[in-house]
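Trainee: Before I ask anything, here is the structure I am working with.
The values are calculated or read from the model by the stated rules, or taken from the named source; none is laboratory data. All of these numbers come straight from a predicted model, not from anything done at the bench. We place every Cβ from the backbone using ideal geometry, glycine too, and count neighbours over all the protein chains shown.
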Amino acid sequence: MRHYFTSCDARYLPRLQVLHESMRRHCEPFTLHVLALGELAAAWCASRHDVKAIPVDHLLDRFPELAIDRMPGPPRYRVDEQLCTWRWWAALELLTTYGRDSLTCIDADAMFWSSPEAMLAELDAGAAGFGVMPHAMATAADGAPGITVEDHGHFGLYNGGFVYLRDVPQAALLARYVWEWCYAGWRKHPDGRSTYGDQGYLELILERHPGAVISDPGFITAPWNLNVHELELDGAGVRVDGRPLVWFHYLGYTHEQRAYVSYATTKEHDRILYEPYRRRLRAAELELGFVNPPVFAPGEKIPGPPCRACGERPRPGKMCGQCGRRAARA
């Protein structure tokens with residue numbers, strides 16, 4: 001059985017449900033471990049036999065040094081900064097205390113399109129116990145519309161949305177790095193270095209230790225590099241440069257726009273990749289009662305009065321990320 005890991009708060013529950021449904025189609029048998037922030041996320045996990053919740057409160061009880069006021073550097077008040085730190089400690093705990101042979105760490109805003117087993121089996125058989133997915137952005141010389149490595153390379157060589165872990169020392173090193181310093185944006189380290197979230201540490205670990213870099217376009221194709229790949233839809237599914245599409249990261253997706261404008265996605269991308277995701281996401285929102293789902297991007301600073309239930313500050317009329325309650329309209 002494969003073990004996967006992700007993190008989620010109440011706002012991301014519909015996306016987590018879409019991911020989970022895609023895993024039931026393509027990843028059986030599996031267990032999905034979820035670092036759950038808030039009661040709604042934990043309750044969702046408890047209602048599914050193949051999902052195991054790791055409540056954030058339990059993680060903080062076990063590791064008091066992960067409390068906001070105990071971590072080095074300026075306080076990490078943003079939810080994405082907290083989860084970006086905590087998730088690698090939870091992943092390390094799964095590898096050590098619970099003895100998982102390997103762990104595939106994925107972001108919740110993704111969907112499987114076909115089975116990842118061949119690639120994961122190849123990683124299992126390899127000497128490296130640490131596998132990453134490159135951003136593989138276009139270069140300026142490609143002449144493609146949208147972003148290039150020259151103007152977006154500061155996000156790092158590798159994407160934190162898909163990481164394969166088997167080597168405990170490397171997992172422990174990643175957990176230590178993010179505990180010491182992990183922020184959204186490019187807050188400079190005390191020594192002058194600059195990293196984006198946890199992604200710069202993936203690069204640092206692979207500079208110092210052996211690791212596998214996934215090159216299959218069926219895995220590495222993403223909104224930020226669609227401008228250099230050929231998509232086609234046939235009776236067998238979606239193919240990328242002739243290879244089956246396995247996994248796609250819907251970073252930046254909202255119902256108002258398919259992805260961040262700078263990614264230069266096209267109507268053909270929308271028809272092949274985004275419309276199927278949109279239908280499933282809307283269905284999940286309706287099933288979970290997200291009649292007016294939140295539209296802010298992950299990590300956006302959320303204004304408005306605090307939630308009466310837990311003190312979070314969602315936009316007026318939008319969903320609270322901690323408890324899922326809707327804030328009063330201004």
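Trainee: Out of the residues in segment 138-167 meeting the condition of being of a type in the set (A, V, I, L, M, F, W, C) and at pLDDT below 95, tell me which one is farthest from Leu206 (Cα to Cα).
Mentor: Only one residue fits best here, namely Ala144.
Trainee: Would you check which residues across segment 188-214 are modelled with pLDDT of 95 or more and part of a loop (DSSP other than H, G, I, E, B) and list them?
Mentor: Across segment 188-214, the qualifying residue is only Ile214.
Trainee: In this structure, does Leu92 turn out to be out of contact with any Gly (no Cβ under 9 Å at 6 or more places or on another chain), modelled with pLDDT under 95 and either surrounded by 17 or more Cβ atoms within 10 Å (Cβ to Cβ) or in the same structural domain as Ser7 (by TED's automatic domain parsing) (or both)?
Mentor: For Leu92, the condition - out of contact with any Gly (no Cβ under 9 Å at 6 or more places or on another chain), modelled with pLDDT under 95 and either surrounded by 17 or more Cβ atoms within 10 Å (Cβ to Cβ) or in the same structural domain as Ser7 (by TED's automatic domain parsing) (or both) - is not met.
Trainee: To continue, here is another question. Surrounded by fewer than 18 Cβ atoms within 10 Å (Cβ to Cβ), without any contact (Cβ under 8 Å) to a residue 40 or more places away in the chain and among the charged types (D, E, K, R): does that describe Arg78?
Mentor: Criteria not met by Arg78.
Trainee: For segment 46-75, name all the residues that are among the small types (Gly, Ala, Ser) and over 23 Å from the mean Cα position of the chain (by Cα). So that I can check it myself, show each step before the final result.
Mentor: Restricting attention to segment 46-75, the residues satisfying the condition of being among the small types (Gly, Ala, Ser) are 46-47, 53, 67, 73.
The one that is among the small types (Gly, Ala, Ser) and over 23 Å from the mean Cα position of the chain (by Cα): Gly73.
Trainee: Right, something else. I'd like the full set of residues that are over 21 Å from the mean Cα position of the chain (by Cα) and among the small types (Gly, Ala, Ser), limited to segment 121-152.
Mentor: Selection gives Ala121, Ala125, Gly126, Ala127, Ala128, Ala138, Ala140, Ala141, Gly143, Ala144, Gly146.
Trainee: Give me the pairs, please: first residue somewhere in segment 156-175 and polar (S, T, N, Q), second residue anywhere and assigned to a helix (DSSP H, G or I), beta-carbon distance under 6 Å, and either six or more positions apart or on two chains.
Mentor: Pairs that qualify, where the first residue is polar (S, T, N, Q) and the partner is assigned to a helix (DSSP H, G or I), are Gln170/Ile205.
Trainee: Still on this structure, I have one more. So, Gly185, is that one over 20 Å from Leu103 (Cβ atoms) and either part of a loop (DSSP other than H, G, I, E, B) or assigned by TED's automatic domain parsing to the domain that holds Thr6 (or both) or not?
Mentor: The answer is yes for Gly185.
Trainee: Checking Thr97 against (1) modelled with pLDDT of 90 or more; (2) closer than 14 Å to His33 by Cβ; (3) hydroxyl-bearing (Ser, Thr, Tyr), which single condition isn't satisfied?
Mentor: Here Thr97 meets the rest and fails (1).
Trainee: When you scan segment 223-250, how many residues do you find that are more than 21 Å from Gly143 (Cβ to Cβ), hydrophobic (A, V, I, L, M, F, W, C), modelled with pLDDT of 90 or more and outside any strand (DSSP E or B)?
Mentor: 2
Here is a yes/no grid of residues against (1) surrounded by 15 or more Cβ atoms within 10 Å (Cβ to Cβ); (2) assigned to a helix (DSSP H, G or I); (3) out of contact with any helix residue (DSSP H, G or I) (no Cβ under 7 Å at 6 or more places or on another chain); (4) without any contact (Cβ under 8 Å) to a residue 60 or more places away in the chain:
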residue: Ala127; (1), (2), (3), (4): no, no, yes, no
residue: Pro145; (1), (2), (3), (4): no, no, no, no
residue: Asp151; (1), (2), (3), (4): no, yes, yes, yes
residue: Val178; (1), (2), (3), (4): yes, yes, no, no
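Trainee: For segment 1-60, which positions are among the acidic types (Asp, Glu), part of a helix (DSSP H, G or I) and modelled with pLDDT of 95 or more?
Mentor: Once the filter is applied, which keeps residues that are among the acidic types (Asp, Glu), part of a helix (DSSP H, G or I) and modelled with pLDDT of 95 or more, segment 1-60 yields only Glu21.
For (1) within 16 Å of Gly197 (Cβ to Cβ); (2) assigned by TED's automatic domain parsing to the domain that holds Ser215; (3) surrounded by fewer than 14 Cβ atoms within 10 Å (Cβ to Cβ), each residue gets a yes or a no:
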{"position": "Ala41", "(1), (2), (3)": "no, yes, no"}
{"position": "Ser47", "(1), (2), (3)": "no, yes, yes"}
{"position": "Phe63", "(1), (2), (3)": "no, yes, no"}
{"position": "Cys84", "(1), (2), (3)": "yes, yes, no"}
{"position": "Trp88", "(1), (2), (3)": "yes, yes, no"}
{"position": "Ala110", "(1), (2), (3)": "no, yes, no"}
{"position": "Ala121", "(1), (2), (3)": "no, yes, yes"}
